[in-house]
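Here's the structure, in structure tokens; my notes come after.
The values are calculated or read from the model by the stated rules, or taken from the named source; none is laboratory data. Remember, it's a predicted structure, so these values are computed and weren't measured experimentally. For neighbour counting, all protein chains shown are included, and Cβ atoms are generated from backbone atoms with ideal geometry for every residue, glycine included.
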């Protein structure tokens, strides 16, 4: 539609004044105008189009009305839709919404058509027209560029993108460049791509890694290496891919070493060496990369030099292993290549032999090179220096060089190991070569070394003296010891120097070294005089550096020369110097030697020494001293004194040694005074020892009484011991007592033994708490307890606690003294009367013997007891305790003798019969008892 047609259409719509409102105007279309429009515009076919035309004529500058009209025409022909957009853009050429919708519609209309279709050019022209007004809209530029890329119009697309970058502000370039980069990646245009990337990196320098990857992909390695080197050299670089600088260095080294002929713009060797200095953790990889760079360049000798430099400079075993393996593999490959070559000349054979010799030498040098790595890590490691000397043992000149370098390198304050061993080994090396003067020079220099510890300096002096002794120069050795033990100059101040004073040098503290003085004393004993040797020992004691062994050696030395009193004085000095337990060996030696010397001639002095020793003697060491003291009294003193000493000993020794001491006490008392004197010792031992040991003592005591014919005393001892022997755990004791009663007892004693066994089992029973809980449950089965029930339960608990305390006290009293347990004792009578009383109380509640069983109606009996004695809680507790004693231990016992209580019933019935006149009799069936049971107690006439 041209301008003329458009004006004709507008004339068809006349403004009409509304008849009721003078200020209101409307656009109305008369039938004549409709006829005129149909005549002028035959493409307007429907009345719906006419309505939209009316809207846009009323609002020609409304984007909404034009878009509504276009939406209505979207199902019509493309020409009609395009005509609407064209008319709209004629009225509103600056509307981005109309332009973008129109352009997308035009692009969609030719989708699927070939790029050579003429309509594609019309669409391109539409884009160009839009850019006249919309050149600041990046979306239109991007859509135009994508449309051109779909047509494969690369040059026009590139120029369009260039125009877009020029037209758009720089803040919107980031929307254009991704499409631009896609363009150069999809098409093989490396030269253009390189130039575009350089432009792009000025805006986005962090994308250099993508540029490097692109360059590697198009095999422009030199440019890639240059860009990667720039990235690595930037300190503020932050990798977009999250790579560290070390990883970038690795990539650069890989590019350089694999493409030595292509990378020409960089100094490759300088770059790799700089990486080696900078990244010490991965030196091995960079060294190998540098060597491979030279190998790929054909410079094999230079590669070998690089490997040699690498193995002599790496700092870790890991790096050394990697470099050495690569070095050996490189040499193997070169040798294999030489051997596989077809044309071999004499020069090639010589070169092959040379390479083989180099390879063998390399393999042999590996331990030495490895040792060099360890020394580079820590040059103050003494052990590694010794290993290096051992590796070069066959080369004396090299050994001297190593020793010299070692003693000059190792710092005494930083040394790892014993530095003095280096000096000693160095001196011994010259000694083995019969160069004693050189060895003395080394020792002299060693004594001037600033050792941190006196022990090292003392070891040097002692080794020097031993070297002189090995060559029979004992005078020189004594002179060396005199020099070593001489006090430093300074008078009184020198005496105040402490052995462990780190502020003083080792040379100033050497005169207090026990090692030097010990060797000096040994030399004086071997080559000196009595006076000089005694002076050395006295000087050691004066310096207060002596040990118990030094004191003992001093005493033995004086004793060998028959200076016994001097030896005893030496022991006295040692005793005054040391405390327990260090003085134990001195006392033991002193007392033994004194007794051997004087025997019984100075008994009182010996007793004073023993008493002085035992005054502060710990219990751990008392046994030996007491035994020695008692032996002295047995041999030279009084037996009574010996017994007193043994009596003191059993109290002084530790608990774990007391049993053995009592055994010795019993044995000695039996030997000196007879077995009857041991009874008091046994009684004391039973009171002092633990239950298990007291049990054994009781059995031995009872056996002694049995041998002496004191059967009653033995039975009393068994009865006393039974209170500490649980039948469940001490079956051996009860079997022993049982055998004793079978051999020496009668029916009454066996019955009493079994009764005591049941009583002891009741004492050790652990089910009292459980049964008390049953009793409480029987009294209050509902579970709810009123306040008075709580009070009763508290009283019950306190009563049980008091009863248990009384039982324990009674058991302790029984253990403290040996008692003869007989059936007629007061305790047995009390137990029997208590059982009778209990039986009487139970019979008042129910007929216990005839109507119930002991186990089935236990709870009912207890409940009845509570109801019967509810007014007196203490009575209930007592009844319950006797109830437990009576009922709870009716267990199967193979040793139990079933003896009915009919005799007691008869006695009770007899008592009742006196009042009622009734008398009951019971037939008792008798059985013959062998003579061995009763022994001589049975009358002779009963044998018939």
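Data table
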| read-out | value |
| --- | --- |
| Flag if residue 164 is in a helix (DSSP H, G or I), at pLDDT 90 or above and either on the phi < 0 side of the Ramachandran plot or out of contact with any helix residue (DSSP H, G or I) (no Cβ under 6 Å at 6 or more places or on another chain) (or both) | yes |
| Elements of type helices (runs of 4 or more DSSP H) in the range 652-729, at least 2 residues being surrounded by fewer than 21 Cβ atoms within 10 Å (Cβ to Cβ) and free of Cβ contacts under 8 Å to residues at least 12 places away in the same chain | 655-673, 691-707 |
| Enumeration of residues in the range 47-64 that are touching a residue at least 12 places away in the same chain (Cβ under 8 Å) and closer than 19 Å to residue 104 by Cα | 63 |
| Residue in the range 516-539 that is touching a helix residue (DSSP H, G or I) at 6+ places or on another chain (Cβ under 9 Å), surrounded by fewer than 16 Cβ atoms within 10 Å (Cβ to Cβ) and not in a helix (DSSP H, G or I) present | no |
| Those residues of the range 613-626 which are buried (at least 16 other Cβ atoms within 10 Å of the Cβ) and in a helix (DSSP H, G or I), in sequence order | 613, 614, 621, 622, 623, 625, 626 |
| Sole residue being modelled with pLDDT of 85 or more, outside any helix (DSSP H, G or I) and either closer than 25 Å to residue 321 by Cβ or out of contact with any helix residue (DSSP H, G or I) (no Cβ under 9 Å at 6 or more places or on another chain) (or both), chosen from 412, 379 | 379 |
| Some residue of the range 463-477 being modelled with pLDDT of 85 or more, within 19 Å of residue 412 (Cβ to Cβ) and under 47 Å from the mean Cα position of the chain (by Cα) | yes |
| Any hit, the range 361-372, residues being closer than 30 Å to residue 447 by Cα and part of a helix (DSSP H, G or I) | yes |
| Failed condition for residue 188, given (1) surrounded by 16 or more Cβ atoms within 10 Å (Cβ to Cβ); (2) over 57 Å from the mean Cα position of the chain (by Cα) | (1) |
| Lone unmet requirement of (1) crowded, with 18+ Cβ neighbours inside 10 Å; (2) over 53 Å from the mean Cα position of the chain (by Cα) for residue 563 | (1) |
| When residues of the range 287-315 are limited to those that are closer than 17 Å to residue 370 by Cα and not in a helix (DSSP H, G or I), the one nearest to the chain's Cα centre (by Cα) | 315 |
| Residue in the range 485-498 that is part of a helix (DSSP H, G or I), farther than 29 Å from residue 384 by Cα and at pLDDT 85 or above present | yes |
| Selected residue (criterion: nearest to residue 561 (Cα to Cα)) from residues of the range 499-515 that are without any contact (Cβ under 8 Å) to a residue 40 or more places away in the chain and assigned to a helix (DSSP H, G or I) | 514 |
| Criterion (at pLDDT below 85 and either under 54 Å from the mean Cα position of the chain (by Cα) or within 30 Å of residue 645 (Cα to Cα) (or both)) met by exactly one of 699, 779, 768 | 768 |
| Only one of 231, 238 that is surrounded by fewer than 14 Cβ atoms within 10 Å (Cβ to Cβ), farther than 20 Å from residue 303 by Cβ and either under 51 Å from the mean Cα position of the chain (by Cα) or touching a residue at least 24 places away in the same chain (Cβ under 8 Å) (or both) | 238 |
| The listed residue being more than 14 Å from residue 164 (Cα to Cα) and in contact (Cβ under 8 Å) with a residue 60 or more places away in the chain, out of 87, 104 | 87 |
| Hits in the range 434-444 - residues which are over 15 Å from residue 480 (Cβ atoms) and surrounded by 12 or more Cβ atoms within 10 Å (Cβ to Cβ) | 435, 438 |
| Whichever residue in the range 332-362 is in contact with a helix residue (DSSP H, G or I) (Cβ under 9 Å, 6 or more places away or on another chain) and at pLDDT 85 or above and, among such residues, is surrounded by the most Cβ atoms within 10 Å (Cβ to Cβ) | 362 |
| Matching residues, the range 579-611, being loosely packed, with under 13 Cβ neighbours inside 10 Å and without any contact (Cβ under 8 Å) to a residue 40 or more places away in the chain | 579, 582, 592, 596, 600, 601, 604, 605, 608, 611 |
| Condition check for residue 573: farther than 24 Å from residue 635 by Cα and in a helix (DSSP H, G or I) | yes |
| Of all residues making up the range 250-286, the number that are within 41 Å of the chain's Cα centre (by Cα) and assigned to a loop (DSSP other than H, G, I, E, B) | 1 |
| Members of the range 358-374 that are within 15 Å of residue 323 (Cα to Cα) and free of Cβ contacts under 8 Å to residues at least 12 places away in the same chain | 365 |
